[in-house]
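The values are calculated or read from the model by the stated rules, or taken from the named source; none is laboratory data. Being a predicted model, the structure only gives us computed values, none of them experimental. Counting neighbours? That spans all protein chains shown, and the Cβs are built from the backbone with ideal geometry, glycine included.
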Amino acid sequence: MTIEIGIAQCDEAQAILDLQKRAFASEVRVYGCEIAPVCEPVEHLLRDMGEAVVLVARTTDGEVVGHVRGHQMEDGSVLVRRFCVDPDWQCQGIGGKLLDEVEQSTSPTTYYWLQAGAKSPDNVAYYRRRGYVEVGRERKNENVTFVNMRKTVA
């Protein structure tokens, strides 16, 4: 089946939030607590649709199977957030296409950055393969520590 990457539409908001719950369910189990992507209110997503580059991966049937957001920051960098692919659709190149597209769709920048969970070594390794390097760690609470990662643009 063909996958199309495109700008998210407001009428896809609930499908995106449902996708986030499926995709981040494994992270909830690892960390033993709720994390922002699984309890995000629809209002936050709709706000982001007006302020950021919000992309989805859609099947030819219109099913949303992937999602990412690129937020242009005041310093000119781009924060990559809520990157996820439906567990049933992983390992098919969808994530790479989403990251490529969010990087191409945001304003020119000197670097992209994101946060990955420290207890998720496969995710950290994936971002390293995509050119991101660890630049620090941030402890959110007793259960969650983020690995701060950056990809510098040549």
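Summary of computed values
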quantity: Lone qualifier among Val124, Val80 - being crowded, with 18+ Cβ neighbours inside 10 Å and outside any loop (DSSP other than H, G, I, E, B); calculated: Val80
quantity: Selected residue [among the polar types (S, T, N, Q), part of a loop (DSSP other than H, G, I, E, B) and in contact with a strand residue (DSSP E or B) (Cβ under 9 Å, 6 or more places away or on another chain)] from Gln92, Gln115; calculated: Gln92
quantity: Verdict on Gly62 being over 30 Å from Glu142 (Cα atoms), small (Gly, Ala, Ser) and either crowded, with 17+ Cβ neighbours inside 10 Å or touching an Asp or Glu at 6+ places or on another chain (Cβ under 9 Å) (or both); calculated: yes
quantity: Qualifying position, being in contact with a Leu (Cβ under 9 Å, 6 or more places away or on another chain), of a type in the set (A, V, I, L, M, F, W, C) and modelled with pLDDT under 95, among Val65, Val42; calculated: Val42
quantity: Residue within segment 98-114 that is surrounded by 14 or more Cβ atoms within 10 Å (Cβ to Cβ), free of Cβ contacts under 8 Å to residues at least 40 places away in the same chain and within 18 Å of Ala25 (Cα to Cα) present; calculated: no
